[in-house]
1. What pairs from LYS242/LYS342; LYS104/LYS355; LYS112/LYS355 go past 25 Å between their alpha carbons?
2. Set the Förster radius R0 to 45 Å, insert the Cβ-Cβ distance between LYS342 and PHE230 as r into 1/(1 + (r/R0)^6), and round the FRET efficiency to 0.05.
3. Using R₀ = 30 Å, calculate the FRET efficiency as 1/(1 + (r/R₀)^6) where r is the Cβ-Cβ separation of GLN203 and VAL318; round to 0.05.
4. Kirkwood Rh over Cα pairs of region 338-404 into Stokes-Einstein at 20 °C, 1.002 mPa s: D in µm²/s?
5. What's the ranking of 174-181, 264-271, 403-410 by average number of surrounding C-beta atoms within 10 Å, highest first?
6. At 7 Å along Cα-to-Cβ for each site, give me the label-to-label distance between ASP211 and ARG261 in nm.
7. Would you mind counting up the charge near GLY67? Only other residues with Cβ under 10 Å from its Cβ, with Lys and Arg at +1 and Asp and Glu at -1.
8. What does the highest-first list of 319-327, 69-77 look like by mean Cβ count within 10 Å?
Amino acid sequence: MKFVETIKNIWKIEDLRKRLLTTMLFVLIYRFGSFVVLPGIDPTALSALHNQTAGGLMALLDMFSGGAFSNASVFALGIMPYISASIVIQLLTIAVPYFQKMQKEGESGRQKMNQITRYLTVAILLFQGPSYLVNLSVQMAQAGQSLAIGFNWFTISSTIILCAGSMFVMWLGERITDRGVGNGISFIILIGIIARLPGAIVQEFSSRLNDAGGGLIVFILEIVILLAVFMFAIMLVQGTRKLPVQYAKRVIGNKQYGGVRQYIPLKVNAANVMPIIFAQAIMFIPIALIGFRTDGSGAFARAFMDNDGFWYNFVFAVLIIAFTYFYTAIIINPVQMAENLKLNNGFIPGVKPGKKTAEYIDTIMDRITLPGSILLAVIAVLPAFARLAGVSMGFAQFYGGTSLLIMVGVILDTLQQIESHLLMRHYDGFFEGGMRIKGRSGAMAY
């Protein structure tokens, strides 16, 4: 059997075996820490917090932390503050010349930017820590427990513990990247998402068994649809448009260079999951500003609190399409691509080098980004359709949105790295016939 043979080959490679075992060890440490409750917190009084994280934005935060948020764990703030800081620094490299200069300095500049990202992460944690404790106090009060929040030793010590916990999670992610398999930060988010999948499946299966009239058949149909959506997300992540490039012949001495035809892979969804993250942050603003009102004048707020409603999902989809164009424009620079082609004596057949090439690449990117953004918006709103079809809240989250795209992207990247180790040792990859796994970069693994 091909799969069993591949597992044996993986185990034969000492370096890959050590990397996999190291990754598993760090994952176990992370999962253990997500159940270690903050000192002074009664775990039996967290029922209201569990209910708060059952849906909406809080459910997404709890999913990314692997349940640590709802457990009031030392890892409650998770890796998201570091992700937020990374996004801010990435945007600053577009707008601020100082960060642009550092980006061009190579490895030394990258180390400086990583250090600034860590400092910004600590600043975000020092703000989010007390905010989390205030919310925790409100939720525990609903369960009949009091929690002293203010400028006292409990608040200070708990904030320090929460900050240290998140920085430790970040450290684990960096160690997985250096000594394990895959991108450590992304892998930790993946583990947090997958940790909730078995419970969601069991809950959905139990609820369907209690339904009269074909509940088991409906559950099997849900699984089939979930697998179909998963395959659809894989195609979206891997989808590319090949742009032909011709390199002119050059003769240097007695050797001839160039004269070959290659392809530039332009991704259909170059922005990956970032538009969904930005759009979700924007969708939460009206709720925070207007408040959770229940009278008639709060109809606007209620419309944007209803994740299954038409207007919420319509505006959400429009924002995703807009942010896809925005983020693609940030990370794809047609002018720079045209200059690189010109410097390497390359050109697009039928298009003049320089400005015309940049305009041509920009036009192609606009054309392929439109269907990519629409498909991304469709995946983002699929959980709402799943809930309307009767799927439970926890299980519906895996039918689309940020969680599905992160799962697909990280799994593909990890398998691609494992396959690279196999191919370097002259073993077969995961598939026969020379087929290779593509990661989110769109490049083949060799």
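Here, each number is a calculation from the coordinates, and none is a lab measurement. If you're wondering where the values come from, they're calculated on a predicted model, not measured in any experiment. Counting neighbours? That spans all protein chains shown, and the Cβs are built from the backbone with ideal geometry, glycine included.
1. Cα-Cα > 25 Å for LYS112/LYS355; rest within.
2. 0.60
3. Once rounded, the FRET efficiency stands at 0.40.
4. Diffusion coefficient, whole number: 145 µm²/s.
5. 403-410, 264-271, 174-181
6. Rounded to a tenth, the inter-label distance reads 5.3 nm.
7. Local charge sum for GLY67: +1.
8. 69-77, 319-327
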